[in-house]
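Okay, structure first, notes after.
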Amino acid sequence: MSVNLRSSSSPSLSLLKSRECSRLVSIQPNHLKFQNKRRTSFPQICAASVQTGSNSTELDAVSSFSEIVPDTVIFDDFQRFPPTAATVSSSLLLGISSLPDTIFRNAIEAALADSECYAVENSETRPACFLNKALVNVGSDLAKLVPGKVSTEVDARLAYDTHGIVRKVHELLKLYNEVEIPVERVLFKIPATWQGIEASRLLESEGIQTHLTFIYSFSQAAAAAQAGASVIQIFVGRLRDWARNNSGDPEIEAAIKRGEDPGLALVTKAYNYIHKYGHKSKLMAAAVRNKQDLFSLLGVDYIIAPLKILHSLKESSAYPDEKYGFVRRLSPDLAREYNFKEEELVKWDQLKFASTMGSAAEELLASGLDGYVNQTKRVEELFGKIWPPPNV
C-alpha cells in the first residue's frame with residue numbers, strides 16, 4: 001500500500017506479479033475543462049525479478065515464497081521496491097491534495113471540474129459525487145502505471161448497509177468503465193462487517209472482485225472465504241497490540257495458551273481453512289512489525305511490510321546455501337493436515353458470526369471504521385473548500 005505522490009515515483013498495493021520491463025503508457029481520464037479526455041504519459045512500473053545467483057538478498061529469498069508489498073503512504077524508494085499494483089483511498093486523496101507537484105493532482109482537479117458533479121444542485125450530495133470521481137480518476141491513472149490490480153476503497157459509512165455497498169461499487173465500476181478500465185483490473189475494498197461480507201458475496205457472484213479488510217477473527221476470515229472474496233486482509237500486529245493491553249477474547253487467549261502469537265495464529269488458521277476447503281480467496285497479512293513476523297508468514301499470498309523491514313531484507317545477502325534455510329511456513333500440503341473444530345466448520349450466518357466475533361475483533365473493527373469515516377469526511381470537507389477549481 002505505497003504511493004509516491006511526487007512525479008519521480010509511483011504507487012503500490014501489490015496484488016499481482018509482473019516480470020516485464022518498463023514502458024510508456026497513455027492515461028486518458030476527464031479533462032479539467034469538461035472535455036472528455038486528457039492525455040498524460042507515465043512509465044509503467046514492473047516488478048523486479050527474483051535474483052537467484054550469489055548476489056541474491058534476503059528479500060529475493062522471501063519473495064520466492066510470498067509477494068512482498070511495501071507498506072507506506074509516501075513511497076520514496078520505488079526503484080528498489082517496484083510496485084506491481086495499487087490502492088486508492090481517502091487518505092491517499094488527502095495526501096495528493098497536500099502536495100502541489102504530485103503527478104496525480106490533475107486527476108483530483110479534473111474530478112472537481114466534472115460536468116456531472118458540477119450540475120448536482122444538492123450541496124450535500126455533491127461532495128460524494130466529487131469523491132467518487134476523484135477515487136476513479138486517480139485509480140485509472142494508477143491502473144495505467146502498474147501491471148496489476150487497483151483496489152478502490154468503498155465509503156466506510158456504508159459498512160453496515162449491504163445494498164448501499166453494492167450500489168456504491170456499481171457507481172464506482174460505472175465510472176471505471178467510462179474511462180475504459182476493465183473490471184478484471186479493479187478490486188473494491190470493503191470492511192468485513194457481516195453486511196460487508198454479504199455485499200462481497202453478491203458482488204463476487206456478478207464477477208466483481210472484492211478486497212475485505214479489518215479482519216481480526218476466524219469467523220470473519222471464514223465467512224469472507226465462504227463469500228468468495230478475492231482478497232482477505234488480516235492485521236497481524238494490531239491483534240498483538242490488543243492482546244498486550246487487553247484480555248477476555250477467547251480466540252486470542254487460546255492462541256496465547258498454545259504459545260502462539262494471536263496475529264500469526266489467525267493468518268495461519270485462515271490460510272489453512274482457505275486451502276483445505278478449496279476456497280478461491282487470496283490471503284494478505286498486514287501490520288507486520290519485524291523480520292521474524294515476515295519469516296513466520298512465508299507462503300501466505302501477500303505480506304505488507306514496512307520499508308524499514310524491506311530495506312533490511314534488501315541489504316542482507318542470502319548466500320546460495322543460506323537461501324535454503326528460508327522455510328515455507330504456509331502451504332496447501334500443510335493446510336490439508338490442519339484439524340479444525342466442528343464448530344468452526346459451520347455455514348456462517350449473521351447470528352453465528354456475531355456470537356463468535358470476540359471483543360478484539362469488535363473493538364479493532366470499530367476503530368478501523370472510525371478512522372476510515374474520519375478520512376472520508378475530511379476529503380469531502382476539503383473538496384468543499386477548494387471547489388470549484390480556479391480555472392473552471
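Read the figures in this text as sums done on the coordinates, not as results from a lab. Keep in mind it's a predicted model, so treat the numbers as computed, not measured. Reconstructed Cβ throughout: ideal geometry from the backbone, glycine too, with neighbour counts over all protein chains shown.
Observations on the structure shown:
- Spin-label pair Ser247/Asn122, simplified geometry with 7 Å Cα→Cβ offset, distance in nm: 5.1 nm
- Dipole of segment 106-215 [Lys/Arg +1, Asp/Glu -1 at C-beta], most positive-end residue of Tyr118, Val138, Ile208: Ile208
- For segment 238-337, the gyration tensor built on C-alpha atoms gives an oblate shape. Its axis ratio a/c (a ≥ b ≥ c) is at least 1.5, and a/b is not larger than b/c.
- For segment 364-369, 3J(HN,Hα) per residue [Karplus equation, 6.51 cos²θ - 1.76 cosθ + 1.60, θ = phi - 60°, Hz, x = Gly/Pro]: 5, 5, 4, 5, x, 5
- Sparsely packed loop sites in segment 120-191 (the GluC sites (Glu not before Pro) outside DSSP H, G, I, E and B with at most 12 other Cβ atoms within 10 Å) comprise Glu121, Glu124, Glu180.
- Per-residue HN-Hα couplings for segment 143-153 [Karplus 6.51, -1.76, 1.60; θ = phi - 60°; Hz; x = Gly/Pro]: 5, 8, 8, 10, x, x, 8, 10, 9, 10, 5
- In terms of distances greater than 21 angstrom between alpha carbons, the cross-link table entries Lys144/Lys280; Lys276/Lys341; Lys133/Lys282; Lys149/Lys189; Lys352/Lys377 yield Lys144/Lys280; Lys133/Lys282; Lys352/Lys377.
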